[in-house]
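To keep things clear, I will list the structure first and then write my remarks on it.
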Amino acid sequence: MLELYQFELSQYSEKVRLILDYKGLEYRKIEVTPGVGQVELFRMTGQGQVPVLKDGHRYIVDSTEIAKYLDSQYPERPLIPQNSKERGLCLMMEEWADESIGIKGRKALFSAISQDQSYRKSLLPATTPDVLKTLVQGVPNEILQFLGFGVGYTPDVVRSAIADLKQDLEALTLLLADSPYLVGDEPSLADFAVAGLSILLKFPDGPYLDLPVALRGKGVPELADNPMYEPFFSWRDRLYAQFRKPLIDSTTIESPTAPTLIQIE
């Protein structure tokens, strides 16, 4: 069986999970928690980021490479169109989504959790001890915002990311106004990239992620609650309802000895 080394709230992991579900492939999720186990994952793959897909004795790194691998090895329900123009648009949009929505989405989420203590507590995995949840919630907003400077998430950088994401969401809303999918009449890699990478902007309104029920449909202020972008998020949730398996139907393993790492993307 396929194995996916992942982080539950990694947009790039979610992109791969969407693709696996769309193709109807059974897989096991191996949660890679931030921490001290980086050496083992590096030993297996030569790098320290998720997602990583294991197929037999082969490890495939990077969400884009995983998508291409799955399309070549499991060609049913293809991800990349054969038509040359549609193929080009699909690949270009997938790369754009990785570099724009994926990267800027983390900055936007940082803005939300640095302003709302209860929100960042709710984002912790369900298995997190209550004492740790209380500790995280108790960190003053000012301290968390100060820590953001250390990773380059200054207020100007975050505001710029949110402004760019507003333009991205407006463009996507316009593209989907009279079309069921972003490229052609069938779902493609472009759709699953955009949908999966958008989870940090607004969580899907359904049981697809290991999050408290209260967080479903919630997200970054100015984005998740803006009626201008509601058509896009409605499209995204319809895509989930059509292709994404709910958690109760997913094949998951709890692995306390799974490798953990610090750098997640």
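Select from region 207-236 the residues that are at pLDDT 95 or above, crowded, with 19+ Cβ neighbours inside 10 Å and not in a loop (DSSP other than H, G, I, E, B) and write down the one among them that is farthest from the chain's Cα centre (by Cα). Checked region 207-236; the qualifying residue farthest from the chain's Cα centre (by Cα) is Tyr229.
Per this entry, Tyr59 is counted among residues that are of a type in the set (Phe, Trp, Tyr) and touching a Gly at 6+ places or on another chain (Cβ under 9 Å). Whenever a residue of region 40-67 is touching a residue at least 12 places away in the same chain (Cβ under 8 Å), its partners that are hydroxyl-bearing (Ser, Thr, Tyr) and assigned to a loop (DSSP other than H, G, I, E, B), lying with C-beta atoms within less than 7 angstrom and at least six residues away or across chains, give the pairs Val50/Ser10; Pro51/Ser10. Condition check: touching a Leu at 6+ places or on another chain (Cβ under 9 Å), in a loop (DSSP other than H, G, I, E, B) and more than 18 Å from Arg244 (Cα to Cα). Does Ile80 satisfy that? So Ile80 passes the test.
Conditions (1) touching a Phe, Trp or Tyr at 6+ places or on another chain (Cβ under 6 Å); (2) crowded, with 17+ Cβ neighbours inside 10 Å, marked per residue:
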site	(1), (2)
Phe7	no, yes
Tyr22	yes, yes
Gln73	no, no
Glu86	no, yes
Cys90	no, yes
Glu94	no, yes
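Can you find a residue that is in contact (Cβ under 8 Å) with a residue 40 or more places away in the chain and farther than 30 Å from Val220 by Cα anywhere in region 89-97? No - not one qualifying residue is present in region 89-97. As a summary of the residue check, Ala108 satisfies the conditions (1) surrounded by fewer than 21 Cβ atoms within 10 Å (Cβ to Cβ); (2) part of a helix (DSSP H, G or I) except for the one numbered (1). Looking across Val131, Val194, Val183, one residue alone is assigned to a helix (DSSP H, G or I), modelled with pLDDT of 90 or more and among the β-branched types (Val, Ile, Thr). It is Val194. The listed residues are Val52, Val16, and the only one of them that is surrounded by 21 or more Cβ atoms within 10 Å (Cβ to Cβ), touching a Phe, Trp or Tyr at 6+ places or on another chain (Cβ under 6 Å) and aliphatic (A, V, I, L, M) turns out to be Val52.
The values are calculated or read from the model by the stated rules, or taken from the named source; none is laboratory data. It should be emphasised that the depicted structure is a prediction, and the values quoted were computed from it without experimental measurement. FYI the Cβ positions are ideal-geometry reconstructions off the backbone, even for glycines, and counts take in every protein chain you see.
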